[in-house]
Structures are given as C-alpha cells and as structure tokens.
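Working notes for the structure below.
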Amino acid sequence: MARDVELIHLKGNDPKWNMPYTPAIKVRSGALVFLSGVTAAPVYHSHPHVPAEFSDIPEDAATQTELTMENLKTVLAASGGTLTDIVQLTRFIVDEDRNQDAINQVMGRYLGDHRAASTSVEVVRLATGPKFVLELEAVAVVDD
C-alpha cells in the first residue's frame, strides 16, 4: 500500500512568508518510522561517549549540519525512505543565535521545498558532547 499524506495549511498561508515548516500533516496510510536523534557523530559510537571518537568532527555549525543531514539520510534510507518522507522534525540547537543561520542554510539545501511539521528547541548542551551544536529527531512516513 502506498502512503497518503496531506499537508494542512491555514487560510492565511502565503508563499511570501517562506515558512520553514508546515503547520500540520495528516497521515492516512503508510508506515510510520520514528528516528532517534542524530548529530554529526557517526550513528554508531561508544556509550558512554568517548570524546576521542569525535576529534575529527569540526565545530562549525555548517559542517556539523551537513554531517547530521547525511546521518539522517542514511537512517531514512535503511528504513525505505528519503528526507522528503519526514513529516515531523525536531531540531535541538546549541546557541541558536550563533548557529541557526548556518543550520538553516544547509538544511534548506538538503530539504529543498519540502516542509515537515517542525519545532526548534534551544539547548545548553547536547548529550553527545560539548562541541556538538545540532541534533535532529524525526518521524517519517514511508510506503508500507
């Protein structure tokens, strides 16, 4: 069975707002995939964390976002989906004032016109380590 997903927009929707999200998405069919949070760290890494495993990861937000998006793509592909199958996206950002512009630019390149329902949350630190600035958690709908 194929998936049936409807983007829900309100009366005041206008492309001039360039909203980075869709207010709501209705899922009528398909398989839900719940993705654990991913960062720029390799999907599989030591627990408890070993900081030396992350020494090659740059601290700049743009590069970390690229690595994070690639990790998200990899997990989605393993579940039969792509970035455009994401219906819910939560962004956990360290120092949003400093990092969000770079994060938004890179995510925009990866997502194109696709707009999931989303929330951004500013956090003091991510569990992976103090050098990380972004973690993404998502829900996707893929074909059954």
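The values are calculated or read from the model by the stated rules, or taken from the named source; none is laboratory data. It should be emphasised that the depicted structure is a prediction, and the values quoted were computed from it without experimental measurement. Ideal geometry is used to build each Cβ from the backbone, glycine not excepted, and the neighbour counts take in all protein chains shown.
Here are the numbers for the structure shown:
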{"item": "Residue among Thr39, Thr90, Thr68 that is within 23 Å of Val142 (Cα to Cα), β-branched (Val, Ile, Thr) and surrounded by fewer than 20 Cβ atoms within 10 Å (Cβ to Cβ)", "result": "Thr90"}
{"item": "Residue, surrounded by the most Cβ atoms within 10 Å (Cβ to Cβ), within the stretch 10-36, restricted to residues that are modelled with pLDDT of 80 or more and among the hydroxyl-bearing types (Ser, Thr, Tyr)", "result": "Ser29"}
{"item": "Search result, residues across the stretch 61-82 that are aliphatic (A, V, I, L, M) and under 18 Å from Tyr44 (Cβ atoms)", "result": "Leu67, Met69, Leu72, Val75, Leu76, Ala77, Ala78"}
{"item": "Pick from the stretch 119-129, criterion on the phi < 0 side of the Ramachandran plot and modelled with pLDDT under 95, ranking: surrounded by the fewest Cβ atoms within 10 Å (Cβ to Cβ)", "result": "Ala127"}
{"item": "Every pair of residues 6+ apart whose Cβ atoms lie under 6 Å, when the first sits in the stretch 22-49 and is closer than 16 Å to Gln64 by Cα while the second is among the acidic types (Asp, Glu) and surrounded by 15 or more Cβ atoms within 10 Å (Cβ to Cβ)", "result": "Gly37/Glu135; Gly37/Glu137; Thr39/Glu135"}
{"item": "Residue count for the stretch 60-74, restricted to those that are closer than 17 Å to Val94 by Cβ and basic (Lys, Arg)", "result": "0"}
{"item": "Contacts under 8 angstrom Cβ, first residue in the stretch 127-144 being in a strand (DSSP E or B), partner crowded, with 23+ Cβ neighbours inside 10 Å and of a type in the set (Gly, Ala, Ser), 6 or more apart", "result": "Leu134/Ala40; Leu134/Ala61"}
{"item": "Of residues in the stretch 104-144 being more than 23 Å from Val33 (Cβ to Cβ) and β-branched (Val, Ile, Thr), the one nearest to the chain's Cα centre (by Cα)", "result": "Val133"}
{"item": "Evaluation of Tyr44 against (1) exposed (fewer than 14 other Cβ atoms within 10 Å of the Cβ); (2) under 17 Å from Phe92 (Cβ atoms); (3) among the hydroxyl-bearing types (Ser, Thr, Tyr) (one fails), failing number", "result": "(2)"}
